[in-house]
Every structure is written in structure tokens, then in C-alpha cells.
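Below is one structure, written out as C-alpha cells; the observations come after it.
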Amino acid sequence: KFDIRPVLERLLLKGSIVVKKAYCDWERYKEFKAPMHEANFELIEIPHVRQSGKNSADIRLVVDALDFCYTKSHVNTFVIISGDS
């Protein structure tokens, strides 16, 4: 079972955490929803789609990261934790 708390504790040793987002089809991975919500992640719903739209979460993550990069110039580090390749 994955526990996000040790990861967050380790990241806090390096600096402050400004934004926490989790991209997922939360209907398919319901067991992770409550722990991520309790850790104050913004839960981004990415519905599961067969074949086409397979990389929807990747695209959404990149768009959000670019937006954040251009609007929050004081941030110099991004951390991405992925459950897929």
C-alpha cells in the first residue's frame, strides 16, 4: 500500500510545497482518494478512456505545469511522482 506522507515529509526537508495535485481516474482508484485528499492534494479527475485519450493525464499535467511555471516565477523545482511509465 502506498503512503504519501513519507514522500511529503522528505520533500519538506528540501523546501516548501506550494501546490499538490493528483491526476487520476478516481472512480477506478477509490482507495487512494481519501488519503490524497487528507494530504491536501487537489484531485484532478481524468476519466479512463480506452485507446484514444490514453495520455490525457500527461497532457493535463504538462499544461498545468507550464501554466504554473509562467505564473509563479519564484518556484524553481517541480516534483512528479508517477504510477506508470
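The values are calculated or read from the model by the stated rules, or taken from the named source; none is laboratory data. The structure displayed is predicted, hence computed values, not measured ones. Ideal geometry is used to build each Cβ from the backbone, glycine not excepted, and the neighbour counts take in all protein chains shown.
May I ask you to verify whether Ile44 is under 17 Å from Ser82 (Cβ atoms), in contact with a Lys or Arg (Cβ under 9 Å, 6 or more places away or on another chain) and β-branched (Val, Ile, Thr)?
yes
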Among the residues of segment 34-47, the number that are modelled with pLDDT of 90 or more and farther than 20 Å from Val79 by Cα is 1
Are there any pairs with C-beta distances below 8 angstrom linking a residue in segment 59-81 that is under 21 Å from Ile4 (Cα atoms) to a residue that is part of a helix (DSSP H, G or I) and among the β-branched types (Val, Ile, Thr), with the two at least 6 apart or on different chains, and if so which?
-> Ile81/Val7
Kindly indicate whether any position in segment 37-48 is assigned to a helix (DSSP H, G or I) and surrounded by 10 or more Cβ atoms within 10 Å (Cβ to Cβ).
-> yes
With the condition kept exactly as written, say whether any residue in segment 5-21 is more than 24 Å from His74 (Cβ to Cβ), touching a Phe, Trp or Tyr at 6+ places or on another chain (Cβ under 8 Å) and hydrophobic (A, V, I, L, M, F, W, C).
-> no
Scanning segment 8-35 residue by residue, those closer than 15 Å to Ile80 by Cβ and not hydroxyl-bearing (Ser, Thr, Tyr) turn out to be Leu8, Arg10, Leu11, Lys14, Ile17, Val18, Val19, Lys20, Lys21, Ala22, Cys24
Test: residue in segment 13-21 that is part of a helix (DSSP H, G or I), under 11 Å from the mean Cα position of the chain (by Cα) and not polar (S, T, N, Q) = no
Of the conditions (1) within 12 Å of the chain's Cα centre (by Cα); (2) part of a helix (DSSP H, G or I); (3) exposed (fewer than 14 other Cβ atoms within 10 Å of the Cβ), the single one that Val7 does not satisfy is (1)
